[in-house]
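A.B. asks: Quick one: the structure is below, questions incoming.
What follows draws every value from the coordinates through simple rules; no lab data is involved. Computed from a predicted model, the values in this text were never measured in an experiment. When we count neighbours, we look across all protein chains shown, and the Cβ atoms used for this are built from the backbone with ideal geometry, even at glycine.
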């Protein structure tokens, strides 16, 4: 059945033949130690195995502390962090990885992303990528990717890389999805991860009649409809919350699917063209 194809426990095969969970737990703006510890505990016990952070989030140490406190086996989880723009030189990238390893209390990172393409000089982007590639060779990082990269930025990396990006993490939800970037990523076997999957609870999305009607029809919540729509596009959603009820609810996505007509109905919302975060299209090549 179609819903089985998009069950929450499936893994996505990346272009390096490694696997990644089909949903992750986002930690952006969760900076209070107690909140983050509780969220990590609930998320892990619920079934989340992909945990997404970044140097910029300022919470890597708390995540590392949480994993140790709750004795979560390292081999069971997938940790992602990102290189902050101010560290986007070759030397600073290498130091950033060492710092993240220490804060997260691990001897390897599953994935490191370039957080966004904006740098003082375009050539720095390539030097940073070379530093990431070396970290893979050294065994400190298993795989590497990018975040907030549009088509032109991906083209630039692909012309110079030895190791291909496995992931492009971008803002993606029913009222904002960059079809050109998504299509180009998928054409090059680069998986999309979706941050802001619920558009930060924008009323333009969560109060939209199409979404509300689908939620009623399926007897599901609005976030569940949205997250399932993302998963059925073979995109990895990264929902976040500090509330146990919502953390569990966002993971409860088995047993239903959107049919082709329903998917197109949700697709049509992109005409609203609402964007939560900054626009990387403004960053020159």
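A.B. asks: Take the residues of region 215-239 that are more than 13 Å from the chain's Cα centre (by Cα), part of a helix (DSSP H, G or I) and in contact (Cβ under 8 Å) with a residue 12 or more places away in the chain: which is surrounded by the most Cβ atoms within 10 Å (Cβ to Cβ)?
C.D. replies: Start the filter on region 215-239 by keeping residues that are more than 13 Å from the chain's Cα centre (by Cα), which leaves 215-226, 228-229, 232-233.
Filter once more, so that each one left must be part of a helix (DSSP H, G or I): 215-218, 222-226, 228-229.
Right, trim to in contact (Cβ under 8 Å) with a residue 12 or more places away in the chain and you get 218, 222-226, 228-229.
Working: 218: 16, 222: 18, 223: 23, 224: 19, 225: 25, 226: 29, 228: 25, 229: 25.
Looking at residues that are more than 13 Å from the chain's Cα centre (by Cα), part of a helix (DSSP H, G or I) and in contact (Cβ under 8 Å) with a residue 12 or more places away in the chain, I get 226.
A.B. asks: Can you pull out every residue in region 74-87 that is under 19 Å from residue 149 (Cβ atoms) and within 20 Å of the chain's Cα centre (by Cα)?
C.D. replies: Filtering region 74-87 for residues under 19 Å from residue 149 (Cβ atoms) gives 80-87.
Correct list: 80, 81, 82, 83, 84, 85.
A.B. asks: Somewhere in region 92-99, is a residue in contact (Cβ under 8 Å) with a residue 40 or more places away in the chain, surrounded by fewer than 18 Cβ atoms within 10 Å (Cβ to Cβ), touching a helix residue (DSSP H, G or I) at 6+ places or on another chain (Cβ under 7 Å) and farther than 26 Å from residue 191 by Cα?
C.D. replies: no
A.B. asks: In addition: For region 28-47, which residues satisfy the criterion of being surrounded by fewer than 24 Cβ atoms within 10 Å (Cβ to Cβ) and under 17 Å from the mean Cα position of the chain (by Cα)?
C.D. replies: Just the residues of region 28-47 that are surrounded by fewer than 24 Cβ atoms within 10 Å (Cβ to Cβ), to begin with: 28-38, 41-42, 44-47.
Passing the criteria: 28, 29, 30, 44, 47.
A.B. asks: Quick check on my filter: what residues within region 240-276 are within 15 Å of residue 178 (Cα to Cα) and exposed (fewer than 14 other Cβ atoms within 10 Å of the Cβ)? Break it down stepwise before answering.
C.D. replies: Residues of region 240-276 within 15 Å of residue 178 (Cα to Cα): 266-276.
Matches in region 240-276: 268, 271, 273.
A.B. asks: How many residues, within region 240-277, are in contact (Cβ under 8 Å) with a residue 12 or more places away in the chain and either closer than 19 Å to residue 171 by Cβ or assigned to a helix (DSSP H, G or I) (or both)?
C.D. replies: The qualifying residues number 23.
A.B. asks: Please return the ranges of strands (runs of 3 or more DSSP E) entirely within region 131-207 where 2 or more residues are more than 14 Å from the chain's Cα centre (by Cα). If you could, list the steps in order and put the result at the bottom.
C.D. replies: Details: elements: 141-147, 167-171, 191-195.
Passing ranges, in order: 141-147.
A.B. asks: Restricting to region 73-84, and then to whatever is in contact with a helix residue (DSSP H, G or I) (Cβ under 9 Å, 6 or more places away or on another chain) and crowded, with 17+ Cβ neighbours inside 10 Å, can you tell me which residue is farthest from residue 20 (Cα to Cα)?
C.D. replies: 84
A.B. asks: If you go through region 9-17 one residue at a time, do you hit one that is out of contact with any strand residue (DSSP E or B) (no Cβ under 7 Å at 6 or more places or on another chain) and more than 25 Å from residue 186 (Cβ to Cβ)?
C.D. replies: The answer is no, given that none of the residues of region 9-17 is out of contact with any strand residue (DSSP E or B) (no Cβ under 7 Å at 6 or more places or on another chain) and more than 25 Å from residue 186 (Cβ to Cβ).
A.B. asks: Another one. Within region 118-147, which residues are in contact with a strand residue (DSSP E or B) (Cβ under 6 Å, 6 or more places away or on another chain) and under 29 Å from residue 200 (Cα atoms)?
C.D. replies: Within region 118-147, 143, 144, 145, 146, 147 meet the criteria.
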